[in-house]
Every structure is written in C-alpha cells, then in structure tokens.
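To start, the structure under review is shown below, and the notes come after it.
The values are calculated or read from the model by the stated rules, or taken from the named source; none is laboratory data. Keep in mind it's a predicted model, so treat the numbers as computed, not measured. Please note: Cβ atoms are built from the backbone with ideal geometry, for glycine as well, and neighbour counts cover all protein chains shown.
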Amino acid sequence: MAMLVSFLKYIEIERGYSPHTLQSYGDDLTSFFIFAGVDSQNTEELKRIDHRTIRRWVSNMISQGLSTRTVNRKLSSLRSFFRFLVRKGVIKVNPMNRVTAPKISKRLPEFVPESDMNKLEQHDIFGDDFEGVRNRLIMTMFYYTGMRLSELVSLTLASIDLNSMTIRVTGKGNKERIIPIHPDLLPFIECYLKAREATVVTCNSFFVTSKGKPVYPKLIYRVVHHYLTLITPLQKRSPHVLRHTFATHLLNMGADLNAIKELLGHSSLLATQVYTHSTFEKLKNNYNQAHPRA
C-alpha cells in the first residue's frame, strides 16, 4: 500500500481525525510531493527527501504570499507524515528535525458582538420552510454550544437527549463530551424535529437536507457564511467564528475558564486562554474610549 494512503488510513482510524482534516492533510502532502517531484508510492524516493527540499518548499510558499499560519499548518502535516515513516521503519531520521517553522504572529480570535448576534432573533431572516427552520437551529446551536463544524455534522438523533437536556458530542480523537442544552435553544430543537418528521428522511443524521440526506461540511459553511453576512460586517464568517463567539461571550459574562475549556473540548487550558486576551482587548478599548485622560 502506498505510504500516503497508509498514513491517511492511520490518522483516520488510529487518531480519529475528521474527514475535513484528512482532506487537508492529503492536500498538503500532495502539494509537497508535486513540488519535490516525488512519487509518494515509491519508498526509495521518499527516503531521498531531505531538509533542504523542505526548506525550499517553505521559501516557495512564502514567496507565493501564503501566510505563516498556512505554511505552519502544511509543515505540521509533513511532520506527522515523516514521524509515521520513522515509526514504520521506512526512514531512520526525520528530515523535519532540521526544519524551523516560521514564527506566527499572534492573532486574536474574531467574534460576533452580542448586539449583532441578537439580530438572529429576527424570525424573518430565516423563513418558515424546512430549510429556514433547520438553518435557524444550525446558527443558534453553534452559538449556544460552541461545537466545531465536524462535530455538528456528525450529530445523530441519539446525540440529542431532551430528557436530560444534553447533547453528546464526538470531538477530536473520538473524545466524547456532554454539552447542556440551554433552555432558549430547546424551542428551536423541537421546532426542527417537528419539521424533520414531515420530511422523507433516509438516514439517522440529526441535521438533514430538504431531501432527507445527511448535511455535509460545505453546506453548513455556506449556511453560516450567508447568515453572518446578514448580521455582521466581520470579514471572517465561518462556523469557527461562532465557536469563538460562544467562548468570548461566556468569558465576558464571568464564566470560569476551566468550564469553557470543557465545553469547547480543549485538551489543554492553553488553547482556551486565548479568549482572555480577546476580552482584555475589549476592556482596553472601552477604557481608552471612556476615560477622560486616556
């Protein structure tokens, strides 16, 4: 089996990576192999890859205007692949050991202000048909739970427990966590389930299309992008922005950082602490605008 295919199967089965992540890893590695002129099915060619080739690839990406964040993500894919080759005994030394990733400038997470999120309460934004009811729940569920795009797509009917008012979410690495259903979210869930029952559904997925098929990441992304365009001037209008919004608004209202960490499914508190910087920036802006000597 070709090493690339073997690697992608490994991170899917052993590491529990989502289809979206698998696609990203595959695209990153394929672009590198094309640049290096290497056949990923030929182990002898893989053995000849050295740190100089990888450094040239990095320089080429930067010269093309790719951000340091994108370059680092691609290097992370390459680093995982070469670790896999070392583990399999295909190579003895990981060439990534001699490659230094470019420094990433710290970027605060973007979030939608509360005043803009309140605009989602306007019923006429969504409409009364099945897609309108579903899309309203998609937007509010992202905002009330902070779940990832892949997590929302993978929800099943069994994930939602209205008796215990909880949602069982499968996150990165197939780790499960429980998110409480906010009372304000319940009517939207019940309204959607009623509309879903009237649709010819051929799957167990919680969110479905108007034809009863499972939703898919691109559809959810388009839904979120469309409705965020209606309520906010932010340049970034993705499901992840709603995840940032969920965490930032909780922190602004005094929620405990460890509780937010558990709700988001972060493995480390360091990943959650970025939101403290975001709220401090808001505090600093308010201070500069309000203090007479600022």
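Points worth noting:
- Region 195-241: number of residues that are over 14 Å from the mean Cα position of the chain (by Cα) and assigned to a loop (DSSP other than H, G, I, E, B): 19
- Single residue of Val58, Val38 found to be in contact with an Asp or Glu (Cβ under 7 Å, 6 or more places away or on another chain), at pLDDT 90 or above and more than 26 Å from Lys218 (Cα to Cα): Val38
- Flag for Tyr227 being hydroxyl-bearing (Ser, Thr, Tyr), surrounded by 16 or more Cβ atoms within 10 Å (Cβ to Cβ) and touching a residue at least 40 places away in the same chain (Cβ under 8 Å): yes
- So Val71, is it at pLDDT 90 or above, of a type in the set (A, V, I, L, M), surrounded by fewer than 17 Cβ atoms within 10 Å (Cβ to Cβ) and in a helix (DSSP H, G or I): no
- Number of positions in region 154-170 that are surrounded by 15 or more Cβ atoms within 10 Å (Cβ to Cβ), out of contact with any Phe, Trp or Tyr (no Cβ under 7 Å at 6 or more places or on another chain) and in a helix (DSSP H, G or I): 0
- Count of region 197-215 residues which are without any contact (Cβ under 8 Å) to a residue 24 or more places away in the chain and either among the polar types (S, T, N, Q) or more than 24 Å from Tyr17 (Cα to Cα) (or both): 7
- In this structure, Thr140 qualifies as of a type in the set (Ser, Thr, Tyr) and surrounded by 15 or more Cβ atoms within 10 Å (Cβ to Cβ).
- Any hit, region 88-106, residues being closer than 30 Å to Cys191 by Cβ, polar (S, T, N, Q) and assigned to a helix (DSSP H, G or I): no
- Single residue of Gly173, Gly127 found to be under 18 Å from the mean Cα position of the chain (by Cα) and either assigned by TED's automatic domain parsing to the domain that holds Ile13 or surrounded by fewer than 18 Cβ atoms within 10 Å (Cβ to Cβ) (or both): Gly173
- Region 238-264 residues that are assigned by TED's automatic domain parsing to the domain that holds Val224, paired with ones that are assigned to a helix (DSSP H, G or I) and charged (D, E, K, R) (beta carbon under 7 Å, 6 or more apart): His249/Glu114
- Looking only at region 176-216, and only at residues there that are among the polar types (S, T, N, Q) and surrounded by fewer than 13 Cβ atoms within 10 Å (Cβ to Cβ), the one that is farthest from Ile11 (Cα to Cα): Ser210
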